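Every read-out reported here was derived from the displayed coordinates using simple, explicitly stated rules and does not represent laboratory data. Note that the structure is predicted; figures quoted are calculated from it, not measured. Here the Cβ is made from the backbone with ideal geometry for all residues, glycine too, and neighbour counts use every protein chain on show.
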Amino acid sequence: VKMLSRATAIFALLLLTVLSVHGVTVGNDSPPKECYKAPVTAVSDPNVVIYDPDAPCGPGRAYIHNAGNSVPGAPMTAGAGPEEHKYIAAQFSKEVTDSLTHYIGQCMVVPQGGRTVATWRVNRIACP
């Protein structure tokens with residue numbers, strides 16, 4: 001019984017580690033580093049949306065960089081607004097992710113109910 005409990009605990013820890021960085025590669029990094037110098041691109045697993053809430057899109061809106069694509073989405077440049085932007089990768093239902101694929105490279109209302117799986121910053125000049 002102790003052997004099974006130990007094996008179960010190890011499996012749970014490994015699963016938690018994998019899920020904590022689920023589906024995001026920024027540049028060549030998975031999990032993402034804390035900060036990147038612009039420009040950089042990212043890919044995501046199905047059901048993961050990458051967005052920039054610091055883009056000048058208006059209240060409750062964000063610039064969509066990727067939505068469930070294993071190919072690079074719109075480059076993250078922190079191109080307008082503050083010099084440094086915080087980017088968010090969040091897991092959503094398949095329906096939500098699929099609905100956002102048409103908005104990659106555009107501002108869109110940020111859906112509710114996502115689970116953040118990673119965050120990082122992109123700076124136009126350099127990472128501090």
- Task: Lys and Arg at +1, Asp and Glu at -1: add these up for the other residues within a Cβ distance under 15 Å of VAL24 and post the number.
- Result: 0
- Which ³J(HN,Hα) values in Hz, rounded to whole numbers, follow from the phi angles of segment 69-86 under the Karplus curve 6.51 cos²θ - 1.76 cosθ + 1.60, where θ = phi - 60° and Gly and Pro get x? 10, 8, 10, x, x, 5, x, 8, 10, 6, x, 9, x, x, 4, 10, 10, 9
- Message: Under 5 Å between amide hydrogens, which residues at least 5 positions from GLY73 or on another chain qualify, with H placed 1.01 Å from N in the peptide plane?
- Response: ALA42
- Task: Highest first, please rank the peptides 45-52, 113-120 by the mean number of other Cβ atoms sitting within 10 Å of their residues.
- Result: 45-52, 113-120
- Would you mind counting up the charge near GLU34? Only other residues with Cβ under 11 Å from its Cβ, with Lys and Arg at +1 and Asp and Glu at -1. +2
- Message: Expected output is a single nm value to one decimal: the length gained when fully extending between ILE125 and SER70, i.e. 0.36 nm times separation in residues minus the C-alpha distance. What is it?
- Response: 17.1 nm
